[in-house]
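Participant: Once you've had a glance at the structure underneath, I'll fire off some questions.
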Amino acid sequence: MYRKNMISATKSILKTPERSPEHEHTWHRRKIAKSWSIARLLRYGCEATRLAIRIRRAPGGCKIGAACTAAAVILASASCRHQPDIVHRTWPAMGTFASIIVPAEDSSLLPGLADEARMTLENLESRFSVYRTDSDISRINAAAGEHPVPVAPETAQLLEKCAFYSRKSDGAFDATIGPALALWRESSRKGTMPSPGEIRAAAALVDYRLLTVEGNAAMLQKKGMSADLGGIAKGFAVDVCLNRLQESGARNVMVDLGGNMRCLGSPDASRQWLIGVRHPFDRSRIIGRLSLASGAAVATSGNYERFVEIQGRKFGHILDPRSGLPADEMASVTVTARSACEADALSTAIFVLGMERGARLLQQFRECGAILVPNREPVEVWMTADLQGAFAPEKEYSSSVRLLDTRPGL
């Protein structure tokens with residue numbers, strides 16, 4: 001009965017949302033846009049209850065398209081017997097899909113929680129979207145090199161976070177990636193490679209130090225610069241949503257915005273929330289299962305399916321802001337953190353930095369964990385030591401798991 005109800009409830013989710021400017025602009029997103037995704041609501045261990053939801057993510061951030069191909073599947077429990085039921089509401093939001101998931105015993109709270117989350121996301125999208133000419137970010141871009149622009153407190157707060165993660169990553173994360181994204185999208189549309197000169201010119205307009213925030217006003221200091229928050233905005237939005245839902249009385253809930261997830265409580269009294277980490281080379285499989293404690297967040301960046309093909313060559317959709325070129329060392333990077341905003345930004349930065357420099361970045365974030373898969377086969381799975389008790393690899397990959405050394409000084 002549960003399976004029938006879930007399948008029925010999911011029919012509306014499987015419909016593609018109405019095409020908006022964000023959908024149309026998919027070079028296929030920041031991570032060419034946190035991209036097409038599979039997100040599955042599963043009951044752990046029961047293949048018959050798998051529900052595949054195809055998600056299209058819109059452009060943004062340091063990704064020409066999008067790196068976070070809903071890299072996770074939500075798993076309710078650890079055995080087919082004694083499984084807690086979960087219920088959810090899903091709708092199009094911020095160029096992808098948003099879901100609120102709660103235990104079935106809290107189903108009476110779901111409509112109110114979903115309405116609260118919907119209003120919150122609509123408000124944030126109106127501030128952050130580069131496809132709305134009246135958004136804070138579009139107004140900042142239009143005034144680049146001219147004057148500061150008054151912005152909402154949420155926008156100022158998010159821009160301050162952008163600056164923080166840009167400094168920590170030495171520019172591997174950079175919200176001023178807009179000119180480089182625009183160049184590669186246009187090259188994809190024309191079917192011609194951008195010239196080295198064009199790439200250098202675009203990269204010269206990418207510099208997080210020239211995006212300044214004073215109070216509730218922000219300015220890009222050089223004409224031609226443009227910001228794109230696709231590499232962090234969805235994670236930030238998940239945090240805001242979860243805080244609002246907690247204030248509304250939610251105690252056991254998960255918020256999922258196109259693969260950026262954060263949870264409170266658990267699906268039942270004896271188990272934590274579980275997600276499956278997607279296989280970067282086979283969208284129909286997972287490489288392992290990750291349990292999340294209350295308050296934890298997770299985000300994944302990856303070149304799963306998002307790429308641009310120009311003159312017969314394929315290029316990944318996540319750009320290195322420092323060079324203006326696609327990053328290609330990693331296949332996927334999953335980060336767990338105390339906030340979805342932090343997980344989102346760090347997964348992008350580590351994807352750009354690669355294994356060695358990514359591990360050094362993690363030394364600055366001792367409460368974060370990571371699962372890294374290099375862009376090579378056979379599959380290698382590298383994870384931080386703190387996830388040993390939380391991440392269970394699929395049997396076929398158990399011998400491929402290695403510890404990523406993030407001890408300071410190494």
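Participant: Of the residues in the range 123-156, how many are in a helix (DSSP H, G or I), of a type in the set (S, T, N, Q) and under 24 Å from residue 244 (Cβ atoms)?
Facilitator: Number satisfying all stated conditions: 3.
Participant: Read through the list (1) within 21 Å of the chain's Cα centre (by Cα); (2) among the small types (Gly, Ala, Ser); (3) crowded, with 19+ Cβ neighbours inside 10 Å, then give the number of the only condition that residue 284 fails.
Facilitator: Condition (3) is where residue 284 drops out.
Participant: Now for a different question. So residue 137 passes all but one of these: (1) surrounded by fewer than 20 Cβ atoms within 10 Å (Cβ to Cβ); (2) of a type in the set (A, V, I, L, M, F, W, C); (3) out of contact with any Pro (no Cβ under 7 Å at 6 or more places or on another chain). Which condition number does it fail?
Facilitator: The one condition residue 137 does not meet is (1).
Participant: To continue, here is another question. Please verify whether the range 343-363 includes one or more residues that are crowded, with 17+ Cβ neighbours inside 10 Å, within 19 Å of the chain's Cα centre (by Cα) and outside any helix (DSSP H, G or I).
Facilitator: no
Participant: A further question follows. Residue under question is residue 390, and the condition is that it be crowded, with 24+ Cβ neighbours inside 10 Å and among the aliphatic types (A, V, I, L, M); does it hold?
Facilitator: no
Participant: A further question on this structure: Out of 181, 159, which single residue is in contact with a Phe, Trp or Tyr (Cβ under 9 Å, 6 or more places away or on another chain), not in a loop (DSSP other than H, G, I, E, B) and not small (Gly, Ala, Ser)?
Facilitator: Working: 159 fails: in contact with a Phe, Trp or Tyr (Cβ under 9 Å, 6 or more places away or on another chain).
Exactly one of 181, 159 is in contact with a Phe, Trp or Tyr (Cβ under 9 Å, 6 or more places away or on another chain), not in a loop (DSSP other than H, G, I, E, B) and not small (Gly, Ala, Ser), namely 181.
Participant: Considering the range 228-249 alone, what residues qualify as being over 17 Å from the mean Cα position of the chain (by Cα) and crowded, with 23+ Cβ neighbours inside 10 Å?
Facilitator: Scanning the range 228-249 gives a single hit, 245.
Here's the yes/no breakdown for (1) surrounded by 24 or more Cβ atoms within 10 Å (Cβ to Cβ); (2) of a type in the set (S, T, N, Q); (3) over 16 Å from residue 345 (Cβ atoms):
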site	(1), (2), (3)
181	yes, no, yes
207	no, no, yes
210	no, no, yes
217	no, no, yes
252	no, yes, yes
263	yes, no, yes
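Participant: For the range 192-205, does any single residue satisfy the condition of being in contact with a Cys (Cβ under 6 Å, 6 or more places away or on another chain), surrounded by 19 or more Cβ atoms within 10 Å (Cβ to Cβ) and aliphatic (A, V, I, L, M)? Spell out the reasoning first.
Facilitator: Taking the range 192-205 and keeping what is in contact with a Cys (Cβ under 6 Å, 6 or more places away or on another chain), we get none.
No, the range 192-205 contains no residue that is in contact with a Cys (Cβ under 6 Å, 6 or more places away or on another chain), surrounded by 19 or more Cβ atoms within 10 Å (Cβ to Cβ) and aliphatic (A, V, I, L, M).
Participant: Only one residue in 291, 301 is modelled with pLDDT under 95, over 16 Å from residue 377 (Cα atoms) and small (Gly, Ala, Ser), so which one is that? Before the answer, list the steps.
Facilitator: Values: 291 fails: modelled with pLDDT under 95.
Step by step, each of 291, 301 is checked, and only 301 is modelled with pLDDT under 95, over 16 Å from residue 377 (Cα atoms) and small (Gly, Ala, Ser).
The values are calculated or read from the model by the stated rules, or taken from the named source; none is laboratory data. Fair warning: this is a prediction, and the values are worked out from it, not measured in the lab. Positions of Cβ are backbone-derived with ideal geometry, glycine not excepted, and every protein chain shown enters the neighbour counts.
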